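In what follows, a single structure is set out as structure tokens and then discussed.
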Amino acid sequence: MKHVIVIGGGFAGLSASIYLAENNFKVTLLEASPKLGGRAYSIYNQKFDDYFDNGQHILMGCYEETLSFLKKINSTNNIEFQNSLHVPFVEKGGGVVELSTYKKFYPLNLFWGILNYKALSIKERLKVIDFFLDLMCCYSCDLKDKTVRDWLECKRQSENTIKSFWEILVVGTLNTTIEKASAEIFSDVLQRIFLSGNKAATIVLPKTSLEKFYLENANRFIKSKNGKINLSERVDRIEIKNNKILKIVTENKSYSDFDFVIMALPEYAVKKIMDNSNININLPEFEYSSILNVNLWLKENPFKEKFYGLIGSQIHWLFNHGKHISLTTSSAENLINLENSEIIRHFCSEIELYFPIFKIEMVIDSKVIKEKRATFIPDIASTEKRKNFNWQLENFLLAGDWTNTGLPATIESAVLSGKIASSQVISSLK
Ligand SMILES: Cc1cc2nc3c(=O)[nH]c(=O)nc-3n(C[C@H](O)[C@H](O)[C@H](O)COP(=O)(O)OP(=O)(O)OC[C@H]3O[C@@H](n4cnc5c(N)ncnc54)[C@H](O)[C@@H]3O)c2cc1C
């Protein structure tokens, strides 16, 4: 049986391990942290004997690779699919406007949804439809070297449309601002979500914490195929000879009995290993964007919907988990360095302004999670950096959400990267 070492137990490393294990390869997964999950993990709250996540992870109907990965590990029961797109948005004062489509008559149902999105004037809604028609047929603006702001201005979208529609979409899908995001990448994301059938545009939410949703099942799947998962096993350096990795050295031991290595790490973690190994590779360097999450446990829960988008707020989403709610700010550079107590105070007063049914006195516990390097910024330069990077050894491949999948830093990109790497290993070792 051929033996593959996978370094990194995030979505990319788990995806690679699962495809390899399924194809009768012996897998050993080395993960630096005491737990699996990478940037998508759960934390145990002893007080309530329950898990909560480092941040809400949303999938979309267009996440084909992720959905197929979840099916393999038997986690499809742990997710809730929308029948058709439905997003309740809340304005200051508590007014709710919905972005909802019907299941039938795709793609006309999308236009119907936009026509009924009351956060915009009728003229603004027609301009948004015009934007999508342009995306479907041809581009009247050249997108190369343009930011999303340039594109929206070229398509004469008003400041209110930008604030109440486009900014929400851009920050939600790319975790950055319209001033930084590449128009080319955003146009691809829009096509995948809105122009690939009715299911693609629906939001798919885990029903449980990430631990119960996919981590336990992925762990079980790998072990059921005689794979090994070595936690708290940080790879420190590697040794190369004749264009092949000969040895992997961790803090605890070294490994030389393998046929192939997949390194499924963020690019800065790869760089650290290469520096320690005195290997000079020209890794792409990205700018990163943060995500801030505030979890509030409540005496009583006044929220009816599973989630809400907030229009014109520094808090972008409220997710309702029953016993607790989580408040998410993407691209949170302005808030992430504040003291936790200040963040909680600020978030609670903001939620009171948007949801008059909510009172600070309802909060019985709170936890702030700051992810400073949540995702790389898909700016104009990032596409070329990803495309141009090429470093090859005979028995080594890279995976991770930053590799050249063509997708922004998402679960789908991570899972796809793991699948691509494992398919290459399978074809080169068979
Ligand atoms: C708060 C938050 C919310 C998000 N929300 C969404 C969302 O809603 N939808 C979505 O699609 N995406 C979301 N993302 C992005 C998504 O989580 C990531 O794109 C994805 O998890 C990246 O997976 P990965 O395997 O490429 O990398 P990682 O998850 O970073 O995994 C790398 C692993 O390698 C390990 N490691 C590092 N160095 C070493 C070493 N030397 N030796 C061994 N192991 C090492 C790390 O501990 C880690 O476990 C979110 C991210 C964050 C932070």
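Listed values, structure above:
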| item | result |
| --- | --- |
| Answer from 110, 120, 152 - the residue that is modelled with pLDDT of 95 or more, among the aliphatic types (A, V, I, L, M) and in a helix (DSSP H, G or I) | 152 |
| Segment 101-117, subset buried (at least 16 other Cβ atoms within 10 Å of the Cβ) and without any contact (Cβ under 8 Å) to a residue 60 or more places away in the chain, residue nearest to residue 195 (Cα to Cα) | 111 |
| Condition check for residue 318: in a loop (DSSP other than H, G, I, E, B) and at negative phi | no |
| Residues of segment 377-402 classified as within 12 Å of the ligand (Cβ to nearest atom) and either without any contact (Cβ under 8 Å) to a residue 40 or more places away in the chain or closer than 14 Å to residue 15 by Cα (or both), total | 4 |
| Residues that are more than 17 Å from the chain's Cα centre (by Cα) and near the ligand (Cβ under 6 Å from one of its atoms), drawn from segment 1-28 | 7 |
| Unmet criterion (only one of (1) near the ligand (Cβ under 6 Å from one of its atoms); (2) among the acidic types (Asp, Glu); (3) surrounded by fewer than 22 Cβ atoms within 10 Å (Cβ to Cβ)) for residue 31 | (3) |
| Given (1) touching a strand residue (DSSP E or B) at 6+ places or on another chain (Cβ under 7 Å); (2) within 18 Å of residue 54 (Cα to Cα); (3) not charged (D, E, K, R), number of the condition residue 321 does not satisfy | (1) |
| Selection status of residue 58, outside the structural domain of residue 230 (by TED's automatic domain parsing) and under 19 Å from residue 223 (Cα atoms) | no |
| The one condition in (1) within 19 Å of residue 217 (Cβ to Cβ); (2) surrounded by fewer than 23 Cβ atoms within 10 Å (Cβ to Cβ) that residue 47 fails to fulfil | (1) |
| Hey, residue 249 surrounded by 15 or more Cβ atoms within 10 Å (Cβ to Cβ), within 13 Å of the ligand (Cβ to nearest atom), free of Cβ contacts under 8 Å to residues at least 40 places away in the same chain and assigned to a strand (DSSP E or B) or not | yes |
| Verdict on residue 369 being within 16 Å of the ligand (Cβ to nearest atom), in contact (Cβ under 8 Å) with a residue 12 or more places away in the chain and not assigned by TED's automatic domain parsing to the domain that holds residue 148 | yes |
| All positions within segment 34-90 that are among the aromatic types (Phe, Trp, Tyr), away from the ligand (no atom under 16 Å from the Cβ) and touching a Lys or Arg at 6+ places or on another chain (Cβ under 9 Å) | 48 |
| Selected residue [of a type in the set (Phe, Trp, Tyr) and touching a Cys at 6+ places or on another chain (Cβ under 9 Å)] from 396, 376, 358, 389 | 358 |
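Every residue, every condition in (1) of a type outside the set (D, E, K, R); (2) surrounded by 14 or more Cβ atoms within 10 Å (Cβ to Cβ), yes or no:
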| residue | (1), (2) |
| --- | --- |
| 224 | yes, no |
| 233 | no, yes |
| 244 | no, no |
| 253 | no, no |
| 273 | yes, yes |
| 295 | yes, yes |
| 298 | yes, yes |
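The values are calculated or read from the model by the stated rules, or taken from the named source; none is laboratory data. All values derive from a computational prediction rather than experimental measurement. Note: ideal-geometry Cβ built from the backbone for every residue, glycine included; neighbour counts use all protein chains shown.
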